[in-house]
Amino acid sequence: MSGADPDLVRALGAIVGPRWVKIRDAERRTYEADGLPTHASVPMVAVLPGSKAEVIAIVRLLHERRVAWVARGAGTGLSGGALADAETVLIPLTRMNKILGIDPTARRAVIEPGVVNARLSEAAAPFGLGYAPDPSSQAACTIGGNVAENAGGPHCLKYGATTAHVVALEVVLPDGSLATLGCPQGEPWGPDLVGLFVGSEGMFGIALEITVRLEPVPAAVRTLLADFGSVRAATESVGAIIASGIVPAALELLDQACVRAVEASIYAAGYPTDAAAVLLVELDGTRAAVEAETMMVERFLTEAGARTIRSAETAEARARLWQGRKKAFGAMGRIAPDLVVQDAVVPRSALPDVLDTITEVGRRYDLTIANVFHAGDGNLHPNICYDHRDLALRERVHRASKEIMEACVAAGGSITGEHGVGADKMEYMPLIFDPTSLATMCAVRRAFDPAERANPRKVVPTRYCREWRPEPIR
Amino acid sequence: MSRLILDLLGAEFGVAVTRDPDGLPRVAPRTSDETAAALGLAHRHGWRVRVEGRGTWMPADAPADLVVTTTGLDRIGSIAPADLVATVQAGTPLRTLAAALAGHRTWLALDPPGSPDRSLGSVLATATAGPARHRFGPVRDHVLGTTVATADGRLVRAGGTVVKNVAGFDLTKLQIGGFGGFGIITEANVRLRAMPAARRTAVATGALDPLFHAAQAIVAAEVDAIVIELLSPMVTGSADWRLLVEIAGTEAGATSELARARDAAGDVALMPASGGALGVAAGQAFLEGPVSIRAGALPASLPDIADLVVEELGPGRMSLGPGRGGLRWSGTTSVERIRRLRGLLAHREIPVTLERAPWPIREGAGHFGELREGVAPLSARVRAVFDPTGVLVAPLEGRDG
Amino acid sequence: MADDSRGGFAALDPCVHCGFCLPACPTYLATGDEADSPRGRILLMRALERGELRADDPALGQHLDACLGCRGCEGACPSGVGYGRGLESARERITATVGLPAAARFVLGIFARRRWWRPAVTMARWFRETGLARRFRGPTRTGFLFGMLDATTPDRPEPTPRPPRARSAPRGTVALFRGCVMDGLFDHVHEATRRTLIVNGYTVVEVEGQVCCGALHDHAGDRAAARALARRNVAAFLGQADWIVVNSAGCGALLKDLGHLLGSPEAEALGRSVRDVTELLAAAGPVTGGPVELEACYDPPCHLQHAQRVHREPLAVLDAIPGLRLRQLPGADRCCGSAGIYGALHPEMSRAVLDEKVAAIAAASPPPDVVLTGNPGCLMQIGAGLGAADLPIPVAHPVELLDRSYRAAGWYDPASPS
């Protein structure tokens, strides 16, 4: 049983019903990790609210009792961000899964945070609309989680990440007070607190209702698959496409290790397994524009040395090409039992060199590193395969990870493009931010959560949060 | 006091200290560090600071002890055409930036109202986007990272130089449209676009209703336009409204999309026009009225809201975005009328932001007006992080009505 | 080998905790609770294997028991986790420690013993044929049971047709697996199976001494009973025909896996000769019959699509029916909540899972004339759900419709020329 105060458990049960308060060891254990099981922590209690009023009541109760808490979506995050420890209450929002309204004229939807990303697009499809951000976990992840992480996905190259699609939020702050941020049109209505809240990794409060922009489903879509004899040639073609002014809907690269894992899985997409890299290019828009851009892109690919180019037009053929990319991460389970997933971003022009460095690091530490990434925006996902039972191997993996991260930062990049910092990348934050900037982030967090009760000890290493505090208002 | 300020600043900055036309001490730091130092000094001495850009948008009339101008921050740090990103100091005029970018066949896809010599910082701090927001989104979508001098003299960096980045809290968002309440933007990393091979502009003239319906039809047809904007008669100095459609892309693509726009517009005749000139003229027209506001209205409600705005604020130049929504009005009005309009529109979930006005109106109405329940205390706490002692003269909420 | 000692638990190793299985799990969709998800259950099974949770831990038992065993998660898993194998081992270990729940023991006992099974079937048929089952069906627990029974009613009283003739080249001999529920309540499906196979060139033989397949026992963790039944079936079927044909997806899944269950070469060989009826029909074309003008919805049984990985064949069979307008509704690929004896043991969860499916059928436009699925449990579950919701839509096995198409062609007609 949990070490939770029985009185607290009773009070939580009074809010949501005892059935939705999980205190037994076996049940709490199932919440020990998100999509990155290298981090694990069993929560004191998991409590699953079923309505907005219940969420507010829980937050107020925990505020009164001075108990820390962590909000969680579907637990598909890749930063160890939605983990709670033995002193902390976990609040999974999966039951808050209602689409509250779709306004096809205004192209807006209002949803609860537990709505699964792909479900919203399905619900909007009859109106010819869709929700653009499409993280690879879209079939499972919740939009509340997407808001917390500012989730991206292949198509954010053209359409922008979650932050470009959220126009308004109703939030409960950690002290239990409510605030409505933004407006349906998207004008912030004061300082851009919606923009600040999106990507705050669950440390600013809980979004109770989320208003998002829906985009029309494009009239024409074409997916191209090119395969290359070298990774460098593939990345160089990416530079040529972007420099031409074409903004593909997506531009994705898988290297050989990754292609082989996918092809061995049930999501085999027919990628050539002897290629050093395959590049997926998706073009969308009007029929004429897609035709014209397809010709140009095919030329760039050929000039860069593509061995073959396949073109998928039917929805089914496109889905199959995409399937392999979207399930690539899961398919890594076939290579090795454990996986370190990185999420660094580098300037596009640095891609060829950084990838060479990654290969070199892999060789030096004798590790299998499979790359699958959003080439169009330089967002790398090197996956380092290992077995956690091998302690020496774990140490090598850790050192290699750090070296790769340092190489990406040295190239002018960022430590995370879409997964978030969470618990996993905290140690890298000082690589890209000075102590003053980190301390300011902590201070902004305290403006939302003075008691630091929401998702404690994530994103910014605690030592930076003690260095500077604002003086009181005069 | 002004003597003391001049002496202290002089000791720190040497030649950069002057007096403004009103006799206020005026400093033009050349680096982020100097900016932070000037603010740190003000913070320690309890001076009130007015921030100025190049003086072409917001009137330089706020009462203060010290003026910090960004005119000295006018360097373009780097342009990386392959990565489509530039690092630019905030005082750089847009015209200068555009010329430098053109040499690399890139552009910053912002076409804000006002003078082409507006500083980049002014556009960012006021989040004044122009018609190109139809395709390229609001100002916030163009900024990858900022360096900001806080009112107590710290330098805070947020974001970065890459297009996709979720490291740390997105503090940059606070600066965009923060109206100077969250520090001084000294430098920004902006997102560039490759220069399109071809641009085509077309204009239709007539009454608002038919033009609005034509615009809606063009939007519904998913015409790949960078601009779809309605301009009121006063903007162009004619008797009619104008519908401005601008397409960019390849030669063939632009031509075919323009044809599709024409088809969608039906009876409303879209005539070819010289590229961009109308947009630039329209942007400058918004300087003619002393007050500019923008209203966050959804597209379908725009004609209604336009009527209401004119009724409440008085006649003015207007620009309506039938794709993404939003309305800009510029003319002569009062604090009371702005407050009244805000009250009426708040019920329809439409915020009214004061973009530009003489000091008495800014001070009275505030850039945002009274914030909603729950938001006001939160906003005050966030602001205190960047300006703990109230050094920056930035009337965000105005006086209580 | 080390893996042998770990049994099915080793099949869980590829799980990287990505969560892609969540939306494929009917119980997770019903509760939103990680402990009711495949990923959560894998954590529980791993903890059980490592001894971090005891086999008699009530929470562990509760959440593993609540698994439908539909294996929908396996179809969604990019890493190829053998969830079903893991679950078998986990249930076996739990059963070895705490035994089966009394309710499960009782229900399974009926299936395993002819002397209990016969009277139960007789009584059930009496309720069905007197129309009492239809009269008493409804949304209550008892009403739902009557609804399940009523769903087994053949769609029309069957005239005795002339035995058909083959209209296709001879394709070999098949032995019909009769099963328990199928034999007791779905003999009309057996007849349709026999006739349609004959039309498509197969020779159908009857095999004496066959018994219940034991799938229900196996899923509940009673492997000993499952093995005992399996051994009797191996003895009965060995060397009797080229193929064993099964028209119940659940039985088919177990029988195809006989090798794994018993570990003998004979069982292995026999398992390889097992086919779903739609596989044999699809291999033969099947022969196109007469028109059946209906709006139909097809609902693939979990044990056909996930356990047997048979996807296209039922659709090929239905494609051979002129006039049939076939659709798959949203969520058709999700479990109906029947899952063997699951409905009897976890009525609440079972109904929560079913509700979504019934809602999709109720919302379908145009409304379907018939819902098709190839497993007795699913036929009864969906049929009862439709009855409880007062939707007058019958359920049927796909071969019944093909059979009707052949009847419409006049091939069973005494006057029909051959």
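The values are calculated or read from the model by the stated rules, or taken from the named source; none is laboratory data. Computed from a predicted model, the values in this text were never measured in an experiment. Using ideal geometry, Cβ is built from the backbone for each residue, glycine included, and neighbour counts are taken over all protein chains shown.
Show me the helices (runs of 4 or more DSSP H) entirely contained within the range C:121-224 in which 1 or more residues are basic (Lys, Arg).
Counting at least 1 such residues, we get C:132-136, C:141-150, C:187-199.
Go through the range C:76-128 and give me each residue that's more than 20 Å from C:His303 (Cα to Cα) and of a type in the set (Val, Ile, Thr).
Within the range C:76-128, C:Ile94, C:Thr95, C:Thr97, C:Val98, C:Val107, C:Ile110, C:Val121, C:Thr122 meet the criteria.
Given B:Phe386, B:Phe368, which one is at pLDDT 95 or above, under 18 Å from the mean Cα position of the chain (by Cα) and aromatic (Phe, Trp, Tyr)?
Of the residues listed, the single one that is at pLDDT 95 or above, under 18 Å from the mean Cα position of the chain (by Cα) and aromatic (Phe, Trp, Tyr) is B:Phe368.
Just to be sure before I move on: is C:Arg46 in a helix (DSSP H, G or I), more than 11 Å from every other protein chain (Cβ to nearest Cβ), more than 16 Å from A:Gly114 (Cα to Cα) and touching a residue at least 12 places away in the same chain (Cβ under 8 Å) in the structure I sent?
So C:Arg46 does not fit the description; no.
Within the range A:447-462, work out how many residues are within 10 Å of another protein chain (Cβ to nearest Cβ) and within 16 Å of A:Ala423 (Cβ to Cβ).
So the count comes out to 2.
For the range B:381-390, indicate whether the set of residues that are touching a His at 6+ places or on another chain (Cβ under 7 Å) and within 12 Å of another protein chain (Cβ to nearest Cβ) is non-empty.
Looking through the range B:381-390, at least one residue is touching a His at 6+ places or on another chain (Cβ under 7 Å) and within 12 Å of another protein chain (Cβ to nearest Cβ).
Return yes or no: is C:Gly383 out of contact with any strand residue (DSSP E or B) (no Cβ under 9 Å at 6 or more places or on another chain) and either closer than 27 Å to C:Pro139 by Cα or part of a helix (DSSP H, G or I) (or both)?
no
Looking at A:Leu208, is it in a strand (DSSP E or B) and either modelled with pLDDT of 95 or more or closer than 25 Å to A:Gly50 by Cα (or both)?
Yes, satisfied.
Closer than 28 Å to C:Arg275 by Cα and within 19 Å of the chain's Cα centre (by Cα): which single residue out of C:Pro301, C:Pro347, C:Pro330 fits that description?
Of the residues listed, the single one that is closer than 28 Å to C:Arg275 by Cα and within 19 Å of the chain's Cα centre (by Cα) is C:Pro301.
Just checking, does the range A:29-47 include any residue being buried (at least 20 other Cβ atoms within 10 Å of the Cβ) and without any contact (Cβ under 8 Å) to a residue 24 or more places away in the chain?
Yes, the range A:29-47 contains a residue that is buried (at least 20 other Cβ atoms within 10 Å of the Cβ) and without any contact (Cβ under 8 Å) to a residue 24 or more places away in the chain.
Filtering the range A:219-259 down to residues that are more than 24 Å from the chain's Cα centre (by Cα) and in a loop (DSSP other than H, G, I, E, B), which residue is surrounded by the most Cβ atoms within 10 Å (Cβ to Cβ)?
Ranking the candidates gives A:Ile246 first.
If a residue must be among the small types (Gly, Ala, Ser) and over 18 Å from C:Arg134 (Cα atoms), how many such residues does the range C:362-402 contain?
Selection size over the range C:362-402: 5.
Name the residues in the range A:1-33 that are in contact with a helix residue (DSSP H, G or I) (Cβ under 7 Å, 6 or more places away or on another chain), more than 10 Å from every other protein chain (Cβ to nearest Cβ) and part of a helix (DSSP H, G or I), would you?
Result: A:Leu8, A:Ala11, A:Leu12, A:Ile15, A:Val16.
Mind counting the residues in the range A:423-446 that are touching a residue at least 40 places away in the same chain (Cβ under 8 Å) and more than 10 Å from chain B (Cβ to nearest Cβ)?
Residues that pass the stated criteria total 2.
Sort out which residues of the range A:160-190 are part of a helix (DSSP H, G or I), buried (at least 23 other Cβ atoms within 10 Å of the Cβ) and touching a strand residue (DSSP E or B) at 6+ places or on another chain (Cβ under 9 Å), and write them in order of number.
Matches in the range A:160-190: A:Thr162 only.
Could you please let me know if B:Arg140 is in contact with a Ser or Thr (Cβ under 9 Å, 6 or more places away or on another chain), surrounded by fewer than 24 Cβ atoms within 10 Å (Cβ to Cβ) and among the basic types (Lys, Arg)?
In short, yes.
Suppose we keep only residues that are among the charged types (D, E, K, R) and assigned to a loop (DSSP other than H, G, I, E, B) within the range B:113-171. Which one would you say is nearest to B:Gly55 (Cα to Cα)?
Within the range B:113-171, the match that is nearest to B:Gly55 (Cα to Cα) is B:Arg118.
Please enumerate the residues belonging to the range B:168-179 that are under 18 Å from B:Arg381 (Cβ atoms) and either out of contact with any Gly (no Cβ under 6 Å at 6 or more places or on another chain) or more than 7 Å from every other protein chain (Cβ to nearest Cβ) (or both).
B:Phe169, B:Leu171, B:Leu174, B:Gln175, B:Gly178, B:Phe179, listed by residue number.
Looking only at residues that are among the hydrophobic types (A, V, I, L, M, F, W, C) and within 14 Å of chain A (Cβ to nearest Cβ) in the range B:310-327, which one is surrounded by the fewest Cβ atoms within 10 Å (Cβ to Cβ)?
Step by step, filter the range B:310-327, then rank; the result is B:Leu327.
Inspect the range B:335-345 for any residue being part of a loop (DSSP other than H, G, I, E, B) and more than 7 Å from every other protein chain (Cβ to nearest Cβ) and give the result as yes or no.
So far as the range B:335-345 goes, no, none of its residues is part of a loop (DSSP other than H, G, I, E, B) and more than 7 Å from every other protein chain (Cβ to nearest Cβ).
The rows are residues; the columns are (1) of a type in the set (D, E, K, R); (2) part of a loop (DSSP other than H, G, I, E, B); (3) surrounded by 22 or more Cβ atoms within 10 Å (Cβ to Cβ).
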residue: A:Ile384; (1), (2), (3): no, no, yes
residue: A:Met429; (1), (2), (3): no, no, no
residue: A:Arg457; (1), (2), (3): yes, yes, no
residue: A:Arg463; (1), (2), (3): yes, no, no
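Conditions first: (1) more than 11 Å from chain C (Cβ to nearest Cβ); (2) in contact (Cβ under 8 Å) with a residue 24 or more places away in the chain; (3) over 19 Å from A:Phe329 (Cα atoms). A:Glu149 passes all but one, so which condition is the exception?
Result: A:Glu149 passes all but (3).
Find the strands (runs of 3 or more DSSP E) located wholly in the range B:1-68 whose residues include 2 or more that are in contact (Cβ under 8 Å) with a residue 24 or more places away in the chain and either over 19 Å from B:Ser122 (Cβ atoms) or touching a strand residue (DSSP E or B) at 6+ places or on another chain (Cβ under 9 Å) (or both), and list them.
Those strands (runs of 3 or more DSSP E) span B:25-27, B:49-52.
List the strands (runs of 3 or more DSSP E) inside the range A:265-366, counting only whole elements, that have at least 1 residues being within 14 Å of chain C (Cβ to nearest Cβ) and crowded, with 16+ Cβ neighbours inside 10 Å.
A:338-341
Determine if the range B:74-89 includes at least one residue that is within 14 Å of chain A (Cβ to nearest Cβ), modelled with pLDDT of 95 or more, under 26 Å from B:Phe286 (Cβ atoms) and part of a loop (DSSP other than H, G, I, E, B).
No - not one qualifying residue is present in the range B:74-89.
If I ask for residues that are away from chain B (no Cβ under 13 Å) and farther than 9 Å from A:Glu282 by Cα, which ones from the range A:210-224 would you list?
Result: A:Ile210, A:Val212.
When the range A:1-49 is examined, which residues are found to be among the polar types (S, T, N, Q) and either modelled with pLDDT of 95 or more or farther than 29 Å from A:Arg389 by Cβ (or both)?
A:Thr30, A:Ser41
Go through (1) within 14 Å of chain A (Cβ to nearest Cβ); (2) under 29 Å from A:Val290 (Cβ atoms) one by one and return the number of the condition B:Val245 breaks.
For B:Val245, the exception is condition (1).
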